[in-house]
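Notes follow the structure.
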Amino acid sequence: MAFNIKALPKKNYIMPGNAACPGCPENIGLKFVSMALGEKATLVVPAGCTSVIQGLWPRQGTSMPVLNIVFAAAASAASGLSRALRIRGKDDIVVVWAGDGGTADIGLQALSGAAERGEDFIYICVDNEAYMNTGIQRSSLTPHGAWTTTTHRGNPGRKKPLPQIVAAHRVPYVATASIGYPWDFISKLKKAASIKGFKYIHLHAPCPVGWRFDPGLTVKIAQLAVETGAWILYEHENGKLKLNPPSNKLVDPSKRKPLEEYIKLQGRFRHLTDRDLEELKKEIEENWREITAILRAQGDL
Amino acid sequence: MALEAEEKTRVRRGTIVPMRGNEAVAYAVKLSRARVVAAYPITPQTIIVEKIDELISKGEMDAEMIHVESEHSALAATYGAAVGGVRAFTATSSHGLMYMYEVLWWVAGSRVPVVMAVVTRAIGAPWNIHVEHSDILSTRDTGWLVAMAENNQEALDLTVMMFRVTEDPRVYLPGIVGLDGFILSHTVEPVEVPDQELVDEFLPPRRQPYTIESGAPIAMGNIIPDEAFEEHRMDMHESMREARRVIEEAGREYGKLTGRDYSGLVECYKCSDADYLFVGIGSWMGDAKIAVDALREKGLRFGALRLRWIRPFPWDELREYGLEKKAVIVLDRSISFGYAGPVFLEVSSALEAKPSMVGVLAGVGGVDVNYEDIVKIAEHVVSLVEEKGRVYVPALWYHLGEFYPMKPGPLPTRKTPRHVNKLLEELWSKKS
Amino acid sequence: MRLSSRKPRKSLLPGDTALADSSPSRKDELVVEPGDHFYPLSIAAPGSMGRTGSWRIQRPVVDAEKCIGCYLCWLYCPDNTIIMREKAGPRGQDVASIDYEYCKGCGICANVCPVNAIEMVDESKFISQS
């Protein structure tokens, strides 16, 4: 255990009574950011669920300072903010908290620019795999076959490999995480905070409203995504790839739970045909093949 | 003591250096001690960015340049730095300004001071890199203060002044300094560069209403109820009006220090006793002044009223100088399609269309307009007024020496070349 | 609530007022002065969307006998509405309790509880009781 839950101060890591839907994974994620980075975190939030989650002026529902910003500008606003705070001798940890749309689609250009320049902040993509804030429309991070309000017959595309795209910028730190694995996420946040330069964490965040599951199952589904191998926990540190538990044991496919256990709980996959399921499995297999190939090349497998 | 006080207000001459308008802006930014500059190159703004980077590289300017990947990011990064508590600057033109348009609104609404230079240029399609005012005038409603320079000296002075005005607690709105593409940006003029000590005396340390940083869990910009939103908007409106007074104060003080007084939101050239008045913005108002002299020699009492500030709008000055004139000629370097020039529409509403008014559209897309053209325009309007008594012509196009009233009906614009039409016809007839 | 009533605070280069005062260069000096305006600023506070307890369809009810004080529900609760009472359990263990004013009734606590000490009960039951 990387940290002792009971040792954490009993404070509001997220404000009760904010505007998040019941069972919201973003609220859970924001709690962990606050737990990991304490008083030092300053958030930059582009348009997305978290613009709403904060609730209504004159209150705001997170425990951290927040600079809200237009959709495509999170990484660039964070660049300026982090530079100014450094110039003023402050050691704030600037954190972009952006959804999959704000990261992989409309915000990708600014993200790439900031990564290439090596700006000093942590970029977290909280990935609920569709545009949930506007009402469950497909994003480029929606998995194959998933129903959304703009893919009634299932998403014909496949999920963009965003962590790899960011890693290709050769930034010092890229990691995946899940709201179902707080210890892993928190230790990754702490590690990212200790590194100077551009850090990227891709946080898997199952959304009960958009994925059509019972809000009580948010954490369980997040864990199933990892246990079935659909979401892989890893980190790239200075170009070296490392699998994190429990994904490290799942290199062996026989150790993974069947994908169906993850799929069957979600209404968005209800109409999945056998062919779609095969396609989805193939996609996941490909992700694993890529990772194991790198691990082999590194001599770690 | 009295002597000391006098000495403090004595004009201190700077160094006269020949430089391009863009360089004048760059020096102003350096003298204003901006700490972060984020910009994306676009013709004709590029020299500003290049010069600032050169000044930083030589160690003459203590700032960081953020080499962003777009104008959208340029303003967002500039804004981020400003929210973080440092003086920040960006510059752009035309399409660059269009690309950052939504960010303009966000910056103004957050009430954090930021300064930007807009080097005016036509907006495509088709491509045209020459002067036009469509870009800068599109910022009219965003909540930014907007000033337009007539020459390179003013480009420098207004930039320094803009930092002071925007950072004044009575204002706390961002500001744009406009200068005409190529005519100023790439043209060398002698510019008096004030000493650093003088600028330090004029420009107090950075002030801003708040910062977003650790220590205070404050959110900027989360959802606000409609009624509060409306109040917030009206508060911006009040501050914009209050900015008038701040500009006058700052302009007067700048005058005491440098000998160049900017207390007026307008510049009045022989307009008090004039029968006819030119009104306009930007560099060609310099030509209008020469035209005024030429016309006066011909016995026509003309004057020129240049709007140095577009927002806040110099309503009082316009009415003071404009209401009693025989005719007011508004020169517009852009058009609001289907209606008239944007400056004409603004001026006409301030003057309640009381005097005879003619809105002249000219110089769009960099078409050259010199003082002789302006004399010609004046004589045309005078003959119209003498013939008809009172006239109100919102849009009169002056193009290569000819006048075209923009009434409904065919216009002498160039049509698509015949051979292109023929080609298109052939293509579509084959398809059907 | 307008934040313009906040007192002006002055921040200089990291903890060094002397440097700013003695140096002819004021470049790093920043004065935060609110002025009299309406800024779109909000402060972290509970209830930014009102008393969200009214959203609840099911109510989590903690069985203090079963609760082992493991804090998992506290860790995962998306709304920070689990209050851990130290040593308040029948066996002297820490015990989870729920802030019903804000609890949205998502049921994550009941699902992550390793000993099934939290039961989701229909809100209608509580209405008929009262």
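The values are calculated or read from the model by the stated rules, or taken from the named source; none is laboratory data. If you're wondering where the values come from, they're calculated on a predicted model, not measured in any experiment. Cβ atoms come from the backbone with ideal geometry, glycine included; neighbour counts cover every protein chain shown. What goes into the accessible areas is simple: the full protein's heavy atoms, side chains included, and nothing from ligands, DNA or RNA. Shrake-Rupley method; radii C 1.70, N 1.55, O 1.52, S 1.80 Å.
In Å², rounded to the nearest 100, what is the total accessible surface buried by chains C and A against each other with a 1.4 Å probe? Before the final figure, lay out the partial values.
Working: alone 9700 and 13670 Å², together 19910 Å².
Summing both sides, the interface buries roughly 3500 Å².
Keeping all protein chains in place and using 1.4 angstrom, which order do A:Arg138, B:Arg206, B:Arg319, A:Arg158 fall into by accessible surface area, from largest down?
Output order, biggest surface exposure first: A:Arg158, A:Arg138, B:Arg319, B:Arg206.
Which of B:Gly251, B:Ser138, A:Trp57 sits closest to the plus end of the dipole of the protein assembly as shown, meaning its Cα is farthest towards the positive end, when Lys and Arg get +1 and Asp and Glu get -1 on the C-beta?
Among B:Gly251, B:Ser138, A:Trp57, the one farthest towards the positive end of the dipole of the protein assembly as shown is A:Trp57.
Taking only protein heavy atoms into account and a 1.4 Å probe, give the accessible area per residue of the protein assembly as shown in Å².
It amounts to 40 Å² per residue over the protein assembly as shown.
Per residue of A:109-117, what is the mean number of Cβ atoms on other protein chains within 10 angstrom of that residue's Cβ?
So the per-residue partner count for this stretch is 4.
Got a sec? Charge dipole of the protein assembly as shown, +1 on Cβ for Lys and Arg, -1 for Asp and Glu; which of C:Met120, B:Trp428, A:Met132 is way out at the positive end?
Working it through, the farthest residue towards the positive pole turns out to be C:Met120.
Using 20 Å bins from zero, what percent of all Cα-Cα pairs in the protein assembly as shown falls into each bin?
Calculated over all Cα pairs of the protein assembly as shown, the distribution is 14, 39, 30, 15, 2, 0 percent.
Simple spin-label model, 7 Å along Cα-to-Cβ: B:Glu402 to C:Ile43 in nm?
Taking the two extended label points, one gets 6.9 nm.
Might you work out the accessible area of B:Thr15 for me, using a 1.4 Å probe with all protein chains in place, and round it to the nearest 10 Å²?
Using a 1.4 Å probe on the heavy atoms, I get roughly 80 Å².
Give the peptides B:418-430, B:290-302, A:61-73, B:370-382 in descending order of average Cβ contacts within 10 Å, highest first.
A:61-73, B:370-382, B:290-302, B:418-430
Pairing the Cα long axis of helix B:101-110 with the longest principal axis of chain B, what angle in degrees results, from 0 to 90 and rounded to the nearest 10?
Taking the Cα atoms of chain B, the angle to B:101-110 is about 50 degrees.
In whole angstrom, how far apart do the alpha carbon centroids of segment C:76-130 and segment A:1-69 sit?
Here the answer is 21 Å between Cα centres.
For peptide C:100-112, how many partner chain Cβ atoms fall within 10 Å of a residue's Cβ, on average?
If you average over the peptide's residues, the count of other-chain Cβ atoms is 6.
In what order, largest first, do C:Met120, B:Met116, C:Met49 sit by accessible area if the probe radius is 1.4 Å?
Listed by decreasing accessible area, they come as C:Met49, C:Met120, B:Met116.
Provide a whole-number value for the mean count of partner chain Cβ atoms within 10 Å of the Cβ atoms in peptide A:84-97. Walk me through the intermediate numbers first.
Details: counts 17, 10, 3, 12, 13, 6, 8, 2, 5, 1, 5, 0, 0, 0.
The per-residue average across the peptide is 6.
For a bin width of 5 Å, list the pair-distance distribution of segment B:266-431 built from all Cα-Cα distances, rounded to whole %.
Per 5 Å bin, starting at 0, the Cα pair percentages come out as 2, 9, 18, 21, 19, 11, 6, 4, 3, 3, 3, 2, 1, 0.
Specify the residue with the greatest mean-square fluctuation among B:Met234, B:Met162, B:Met100, computed from a Gaussian network of chain B linking alpha-carbon atoms under 10 Å apart.
B:Met234
Calculate what fraction, in whole %, of the accessible area of segment A:169-270 sits on carbon and sulfur atoms when a 1.4 Å probe is rolled over the protein chains. The partial results should precede the final answer.
Values: 2060 of 3760 Å².
So the carbon and sulfur contribution to the accessible surface is 55 percent.
Per-residue HN-Hα couplings for segment A:118-129, Karplus 6.51 cos²θ - 1.76 cosθ + 1.60 at θ = phi - 60°, whole Hz, x for Gly and Pro?
x, 4, 8, 7, 9, 9, 10, 9, 8, 9, 9, 6
Compare B:Glu402, B:Glu249, A:Glu119 by solvent-accessible area with a 1.4 Å probe and give them largest first, with all protein chains kept in place.
Sorted descending by solvent-accessible area, the residues read B:Glu402, B:Glu249, A:Glu119.
If I model a spin label as a point 7 Å beyond the Cα along the Cα-Cβ vector, how far apart are those points for B:His419 and A:Lys11 in nm?
7.6 nm
Using alpha-carbon positions, what is the distance between the centroids of segment B:215-261 and segment A:79-96, in Å?
25 Å
Measure nothing fancy, just the Cα-based angle from helix B:71-83's long axis to the longest principal axis of chain B, in degrees from 0 to 90, nearest 10.
Relative to chain B, helix B:71-83 is tipped by roughly 40 degrees.
Between 0 and 90 degrees, rounded to the nearest ten: what's the tilt of helix B:46-57 against the longest Cα principal axis of chain B?
For B:46-57 against chain B, the angle is about 20 degrees.
Skipping prolines and chain starts, which residues have an amide H placed within reach, meaning under 5 Å, of the one on A:Gly107, given they are 5 or more residues away or on another chain?
HN-HN under 5 Å from A:Gly107: empty list.
Calculate the FRET efficiency for B:Glu102 and C:Lys87 from the Cβ-Cβ distance with a Förster distance of 51 Å, rounded to the nearest 0.05.
Calculated transfer efficiency: 0.40.
Less than 14 Å apart at the alpha-carbon level, and either on another chain or at least 8 residues along: which aspartates and glutamates does that give for A:Lys6?
Counting by Cα, and skipping residues close in sequence, A:Lys6 has these aspartates and glutamates nearby: C:Glu86, C:Asp94.
What's the FRET efficiency of B:Ser57 with A:Gln298 using the Cβ-Cβ distance as r and R₀ = 51 Å, to the nearest 0.05?
For B:Ser57 and A:Gln298, the calculated efficiency is 0.80.
Between A:Arg270 and A:Ala168, what is 0.36 nm times their sequence separation minus the Cα-Cα distance? Round to one decimal in nm.
Length gained between A:Arg270 and A:Ala168: 33.2 nm.
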